[in-house]
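Working notes, structure below.
A short reminder: the numbers here are calculations on the coordinates, not readings from a lab. These figures come from a predicted structure and were not determined experimentally. Here Cβ is always computed from backbone atoms with ideal geometry, including for glycine, and neighbour counts include all displayed protein chains.
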2 protein chains.
Amino acid sequence: MKDKNKSKNLRINLADSALSWNNIEEKKSDLVKIKQLLLSGEASFTGWVDLPESFDKEEIERIKSTAEEIRAKCDAFVVIGIGGSYLGARAAIEMLGENSTGPKIYYAGQNISAAYHLELIEEIKEKEVCICIISKSGTTTESAVAFAILKDFLIRKYGETEANRRIFAITDKDKGVIREEARRRGYVSFVVPDDIGGRYSVLSAVGLLPIAVAGIDIEMMLDGAREIAKNNSFESDIAAHYAAARILLFDIGKHIEIFESYEPRLFYFLEWLKQLFGESEGKEGKGVFPASLQFSTDLHSMGQFLQEGHQIFFETVINIENPQSDIIVPRNAGQALGGASMNDINRAAFLGVMEAHRKAGIPIITIDIPELTSYYFGQMVYFFECACAFSGYLFGVNPFDQPGVEAYKSEMLKVLGVKG
Amino acid sequence: MKDKNKSKNLRINLADSALSWNNIEEKKSDLVKIKQLLLSGEASFTGWVDLPESFDKEEIERIKSTAEEIRAKCDAFVVIGIGGSYLGARAAIEMLGENSTGPKIYYAGQNISAAYHLELIEEIKEKEVCICIISKSGTTTESAVAFAILKDFLIRKYGETEANRRIFAITDKDKGVIREEARRRGYVSFVVPDDIGGRYSVLSAVGLLPIAVAGIDIEMMLDGAREIAKNNSFESDIAAHYAAARILLFDIGKHIEIFESYEPRLFYFLEWLKQLFGESEGKEGKGVFPASLQFSTDLHSMGQFLQEGHQIFFETVINIENPQSDIIVPRNAGQALGGASMNDINRAAFLGVMEAHRKAGIPIITIDIPELTSYYFGQMVYFFECACAFSGYLFGVNPFDQPGVEAYKSEMLKVLGVKG
């Protein structure tokens, strides 16, 4: 099955985008230059570009063996992180599922809700627990608070020595409070690469350790990313085409991109996409506003707006061609639906929406994914990372910085009476 | 505590909206006319307007006693519905929590995912189960499919006679396949009112039965709604002010409203808001595009865009003034955060974001909610329903119809080969 699937790749369909190939080609010279810049390594924070190819084999082995150790040692694994230190791993784990022979994966520090963290502690208190703190600086408020609470919990439960064996850290290679603490207390630790921003880091240790703990094949994931990286000519570079389409649609007043999926398991992947594009493009008053909808659920809430509301959006549908599980609807559902398969009905909803929205003149881009495997997760991640880099540069912004994220933090620290 | 809280109400703060009271007053004559229309009962589908006042006392007692019966009889209660037959109840139950002495509440038919429904059956198969089908017509595909699957499951588990005692129906009072089946099989049933659309129905049996099964006080909820309904003069009618603000902001190019909360328990309330506004306004090429963000989580993904991206949005923050539970951060978190309370830190994030976004010139509307109780849930629902009615009419559309929702359904039925 592995080999069969590898014969197909992620594909992009622009037939319903209101754009022609000539439109896309208008952007060719810009896109070719951007590609050269990305491959040159001259731009800062482009370490993700050759990561799938250059990933240190020994580091992959160390991630895998540490994940095995964690899987053997605990039945609750708490991943502490937020933003780029959270969404990528969660997107993969929710999409692909946790292998039931390992620990259940929990998340902490992705909010500052006391109610949430009290419930989490209640849920894991009788279990064997390991935790993983993911923070480059160690100073992010949410993860620092959650780490303090969970470390305190581990020390009370196991004592200091054993707690230190149950804490794993993914942080800066040299600097910061977590690195310093990892050295002092002897945590097993991994490195957040210097030249990769949080939102582009899921295929580094940041994403791969938690993903491997969930029992997912991380080497297949890197294989998938490498496959997309092979698109070297402009004509075969679907990420460049998609980026061109986004900008061209923005230019005709389509200021919102709605990421859509018919598979609830993609919820966090869509969240990851919103960070990737929103944080990369949203600067200097620019950027496509990224939103997400889960179909068919949200057809029953936002369907009316899409069909007939203010037309300032385009749709990007992530279409899973072969969902894995299925149910045949019992005959008691009546003539229309009884005996049909749920996946066929879900697919009919997808095709029906495509047709109805096409008739309404809504631009639609479809990304076809052969199936939900770690190989295709790798393809999806690398495809969208490339597209986002292209698209940010086409907007004329730096897609790898985030100059605006400190503004509220410094105001928040003033409120807390802390020196920034 | 009940009496103390009743002395405070939901409040709206427009100080950071870029609007003055003079701006709001420009819309006064239109809003006064709309209010008269709503109170007159002349417009179709305005049954929700006097629902909190006119709700039949015997019907409330029957909802409460049926909920008690369900609570005594099962430990898994599956609510089957989608859109307006789903989001309101789920918003209340997630916001207020399930009382642990009753059944766990599950949801089905809110998507067509086979994987989702297979996991649900696996989860409940050893439990004592009751189900509730909520569908006015009985022909909504998602709920029809899920109902067929769960009915089949109940019949296999309990036999026909006992299964019929474990099925509850909320549907049209006379017509449709569910009403007909309820009569034939003797299900205990409730009515989806004729003059209330799905997105305005949470304070009818549609929402109140599942909410009561979760152990939540539905009479307090109706009390809260009645309190907001008392705002009779234009000067005290905060829903009218909010509606005016939305339209005025739209007119200056703020085409997206971002609903925001710092409390994860409000996730489904924000989803309910998106349906309420999106489906009411999104027609004739009009409407504010509704989006939602969960803070502080999404500050780490969309924070950059908000601060510096394309400024086509305004923010509506739902601020919970007194969160119930709290955690004191352990001293090991260091000088800055150790010893602080999580709620204080969360509040500092709220104040920090307000200040940073104010400085960036983003229009912000704040809705202050004293605390998370059923009384305030009732206030919130009625406040937003009124605001949405006002706002739709100000846009010049009918806020109570949804002419565009059939378009994809008829295309979908063509794909399935079913006559529409």
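Under a 10 Å cutoff between Cα atoms, tell me which one of A:I70, A:I133, A:I149 has the largest fluctuation in the Gaussian network model of chain A. It is A:I149. Note on chain B: dipole from Cβ charges, positive end direction compared against B:Q379, B:A92, B:S292; the farthest Cα belongs to B:A92. With both labels modelled 7 Å from their Cα along Cα-to-Cβ, the A:N232 to B:K8 distance reads 6.6 nm. Placing a label point 7 Å from the Cα of A:D30 along the Cα-to-Cβ direction, the residues of region A:361-392 whose backbone N falls under 15 Å from that point are A:387-392. The Cβ shell under 12 Å around A:A333 holds other residues with a net charge of -1, Lys and Arg each +1, Asp and Glu each -1.
Overall shape: oblate for region B:7-63, with the ratio a/c of the largest to smallest alpha carbon gyration tensor axis at 1.5 or above and b/c at least equal to a/b. Distant-in-sequence amide contacts of A:T316, defined by a placed amide H-H separation under 5 Å and a gap of 5 or more residues or a different chain, comprise A:I258, A:F259, A:E260, A:I365. Shielding of peptide B:270-277 by partners, expressed as the average count of other chain Cβ atoms within 10 Å per residue Cβ, is 3. Checking Cβ-Cβ separations below 4.7 Å across chain A identifies A:C132, A:C386, A:C388 as cysteines lacking any candidate disulfide partner. Measure nothing but the geometry: give the 0 to 90° angle between the long axis through the Cα atoms of B:87-96 and the longest principal axis through the Cα atoms of chain B, rounded to 10°. So the helix axis and the longest Cα principal axis differ by about 70 degrees. The length gained on full extension between B:A15 and B:V418, counted as 0.36 nm times the residue separation minus their Cα-Cα distance, comes to 139.7 nm. Taking one quarter of the surface of the convex hull spanned by the alpha-carbon atoms of region B:88-133 gives a direction-averaged projected area of 3.9 nm².
Compared with the dominant Cα axis of chain A, that is its longest principal axis, helix A:267-281 is turned about 80°.
With label points set 7 Å from Cα along Cα→Cβ, the inter-copy distances at A:R358 are 5.1 nm, sorted shortest first. Counted residue by residue at 0.36 nm each, then reduced by the alpha carbon distance between them, the extension gain from A:F267 to A:S40 reaches 78.3 nm. Taking only the C-alpha atoms of the protein assembly as shown, the Rg (one decimal) and the largest Cα-Cα distance, Dmax (whole number), read 26.2, 75 Å.
Along region B:38-45 the Karplus relation, 6.51 cos²θ - 1.76 cosθ + 1.60 evaluated at θ = phi - 60°, assigns HN-Hα couplings of 4, 6, 5, x, 7, 7, 5, 6 Hz to successive residues, with x for each Gly and Pro. Where only DSSP H runs of four or more residues are counted, chain B gives -15500 deg cm²/dmol as its mean residue ellipticity at 222 nm, each run worth -39500 (n - 2.57). Beyond 29 Å, what percent of the Cα pairs of chain B remain? Everything past 29 Å amounts to 48 percent. Charging the Cβ of each Asp and Glu at -1 and of each Lys and Arg at +1, and nothing else, the dipole of chain B about its Cα centre rounds to 600 debye. In order along region A:99-106, the phi-based Karplus estimate (6.51 cos²θ - 1.76 cosθ + 1.60, θ = phi - 60°) of 3J(HN,Hα) comes to 5, 6, 7, x, x, 6, 9, 10 Hz; Gly and Pro are listed as x. GNM on chain B, alpha-carbon springs under 10 angstrom: the most fluctuating residue among B:A67, B:A115, B:A18 is B:A115.
Here the relative contact order of region A:255-401, from alpha carbon pairs under 8 Å that lie six or more residues apart, stands at 31 percent. Across peptide A:81-88, the mean count of Cβ atoms from other chains lying within 10 Å of each residue's own Cβ comes to 3.
Of all the options B:I155, B:I211, B:I167, the one that moves most in a Gaussian network model of chain B with Cα springs shorter than 10 angstrom is B:I155.
For peptide B:279-288, the mean count of partner chain Cβ atoms within 10 Å of a residue's Cβ comes to 5. Across region A:68-78, computed HN-Hα scalar couplings (Karplus, 6.51 cos²θ - 1.76 cosθ + 1.60, θ = phi - 60°) run 4, 4, 5, 4, 7, 8, 9, 10, 9, 10, 9 Hz from first to last residue, x flagging Gly and Pro.
Output the 0 to 90 degree angle, nearest 10, between the alpha-carbon long axis of helix A:406-416 and the longest principal axis computed from the alpha carbons of chain A. On a 0 to 90 degree scale, this one is about 40. Dividing the mean sequence gap of close Cα pairs (under 8 Å, 6+ apart) by how many residues chain A holds gives a relative contact order of 22 percent. For the protein assembly as shown, build the charge dipole from Cβ charges (+1 Lys, Arg; -1 Asp, Glu) around the Cα centre, then report which of B:V213, A:P370, B:S261 sits farthest towards its positive end. So the residue we want is B:V213.
Dividing the Cα radius of gyration of region A:276-420 by its Kirkwood radius returns 1.10 for Rg/Rh.
Considering only alpha-carbon pairs that sit under 8 angstrom and 6 or more positions apart, the relative contact order computed for region A:1-110 is 21 percent. Among chain A residues, the one whose Cβ is nearest the axis of the rotation from A to B, given with its distance rounded to whole Å, is A:A291, 3. Modelled spin-label separation between A:I312 and A:K64, with each label point placed 7 Å from Cα along the Cα-to-Cβ direction: 5.0 nm.
Sorted from nearest, the other copies put their B:K173 label points 7.4 nm away, the label point being 7 Å from Cα in the direction of Cβ.
Note on region A:117-190 and region A:9-32: Cα centroid distance 46 Å, given to the nearest whole angstrom.
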